[in-house]
Amino acid sequence: MQETNLFTPLQLGKLSLPNRVIMAPLTRSRTPDSVPGKLQEFYYGQRASAGLIISEATNISPTARGYVYTPGIWTDEQEAGWKGVVEAVHAKGGRIALQLWHVGRVSHEMVQPNGEPPVAPSAIKGEGAECFVEFEDGSAGPHPTSTPRALETDEIPGIVEDYRQAAVRAKRAGFDMVEVHAANAYLLNQFLATGTNQRTDRYGGSVENRARFPLEVVDAVAEVFGPERVGIRLTPFIELFGLTDDEPEEMAYYLAEQLSRRGLAYLHFNEPNWAGGDIHFPEGFHEQMRQRFRGALIYCGGYDAERARQRLADGTADAVAFGRPYIANPDLPERFRTGAALNEPDSRTFYGGAEKGYTDYPFLDNGHDRLG
C-alpha cells in the first residue's frame, strides 16, 4: 500500500483535493468596508495551488463582528465581492471554503450596531480579551472587550437562521464548501465551554445541552450545502480571551460522534499550543478522534512540512492546514514538494494595510505575481 503524503490526492466529502496542504483561515483585516474586492481576489488567487483554501473568518451578521476591517456575508454587496474571489480561485484551478464566524463576547459596543453590548451564552466578560475597533479620530487598534449580555433562549433560533442565510449566500457565491467556526473562544466555542456557558436552559449545563446550539448551526448549514460539503473548526483545551473549560475532552469526543453521524466532511482542529505555551492535546487524543469520526481529520498549529508528513504517516490526520507559512509563501505546496526554503512572514504586516505583506511575497522563481 502506497504511503500517504502531502501530495496524495484526498476525497474531502464531495470535493476532490489534489494535495493535502490546506490553507488555514487567516484574518488579515484588509476589507475596511467589509466587502472583499480586487485585492482579495488577487491574494486568494495567488494561493490557489492549496489542496483547499479556507477563507478568513467571515462575519455572518452585523452583530457577529468584533474586529473592524473584516469581511462579512450578510449583504448583496458582500456576496458579490466573495463571488469575485471564488471565481479568481476557480480560474486558477483551486478550491475554496468560506469560514462562517460569530465572535460572541469578543467584541465591543463601538463595533456593534447602535452601540449595543455584544451577545454571549452568559453575561461574563472575557478576562484580558481584546477586540479591534475604529476610534473617533479614524485610527484603529485593539481595545478591551465589553461585558456581554446573555442571549435569551428565544433569540438563539434567529442566530441559527443568520448562519443558514450566510450559507445560502456562500452557495450562491460559488464556494465549494463552508466551515463553521466553533473555535478560538468565539461564540460557538463559548457555548461549548463550561467557563463561558453558565446557562440553566436547554443550551446550558450538560455536555449535550452545551453542544446543542453549535449542532443546530451545523444542521442548518448542512441543509444548504449538504453535510458532505461542510466542515467545522474546533479548539478543545485552548486558553484564549479568558475562556476556560472543565470538560474539553468529553465535549470533543461527544462532538466527534455527533458530527460523524451527520456525515460531516471534516473536523479541523487547531492545536491548543498554536499561539505558543505548553498546552497540548492529551495522549491518545488524535487516535480517539480517528476512532470516533468517520470523515476527514485536519490538524493545524505550528506544523512544518516534516511534522505534517509524520502526522499523515501515523494515520491520525488526512490533511494538515498551514497559517503563517501561507502568509509569506503563496506557492507553499511547490516549496514543500521541492524542499525549497520558505519566505519569512513579516509580522508587522499581518493585519491591516494593502498589498505590502499581503500580495507581494515572491514565488519560487523569484518573481512577483503582481496586482493590476
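The values are calculated or read from the model by the stated rules, or taken from the named source; none is laboratory data. Quick caveat, the model's predicted, so the values are computed rather than measured. FYI the Cβ positions are ideal-geometry reconstructions off the backbone, even for glycines, and counts take in every protein chain you see.
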Any pair with Cβ under 7 angstrom, 6 or more apart, that starts in the stretch 358-372 at a residue that is of a type in the set (S, T, Y) and part of a loop (DSSP other than H, G, I, E, B) and ends at one that is surrounded by 10 or more Cβ atoms within 10 Å (Cβ to Cβ) and modelled with pLDDT under 80: T359/L371
Members of the stretch 9-47 that are hydroxyl-bearing (S, T, Y) and either closer than 19 Å to T359 by Cβ or touching a helix residue (DSSP H, G or I) at 6+ places or on another chain (Cβ under 8 Å) (or both): T27, S29, T31, S34, Y43, Y44
Among (1) modelled with pLDDT of 95 or more; (2) more than 20 Å from P236 (Cα to Cα); (3) not in a helix (DSSP H, G or I), the one test that P157 misses: (3)
Residue that is in a loop (DSSP other than H, G, I, E, B) and among the basic types (K, R), where the choices are R169, R164, R202: R202
Selection status of R20, within 26 Å of L240 (Cα to Cα), charged (D, E, K, R), crowded, with 17+ Cβ neighbours inside 10 Å and at pLDDT 95 or above: no
For Q2: the one exception among (1) modelled with pLDDT of 95 or more; (2) out of contact with any His (no Cβ under 7 Å at 6 or more places or on another chain); (3) not aromatic (F, W, Y): (1)
Complete set of residues in the stretch 198-225 that are buried (at least 17 other Cβ atoms within 10 Å of the Cβ) and small (G, A, S): G204, A211, A220, A222
Wholly enclosed strands (runs of 3 or more DSSP E) of the stretch 1-62 bearing at least 1 residues of a type in the set (D, E, K, R) and closer than 19 Å to G84 by Cβ: 52-59
Test: residue in the stretch 206-228 that is over 28 Å from K125 (Cβ atoms), touching a residue at least 40 places away in the same chain (Cβ under 8 Å) and in contact with a Gly (Cβ under 6 Å, 6 or more places away or on another chain): yes
Cβ pairs under 9 Å, 6+ apart, first in the stretch 313-324 and within 13 Å of G301 (Cα to Cα), second acidic (D, E): F322/D304
Test: residue in the stretch 109-124 that is β-branched (V, I, T), within 26 Å of L215 (Cβ to Cβ), in contact (Cβ under 8 Å) with a residue 12 or more places away in the chain and surrounded by fewer than 24 Cβ atoms within 10 Å (Cβ to Cβ): yes
Of all residues making up the stretch 172-190, the number that are outside any helix (DSSP H, G or I) and farther than 17 Å from V106 by Cβ: 6
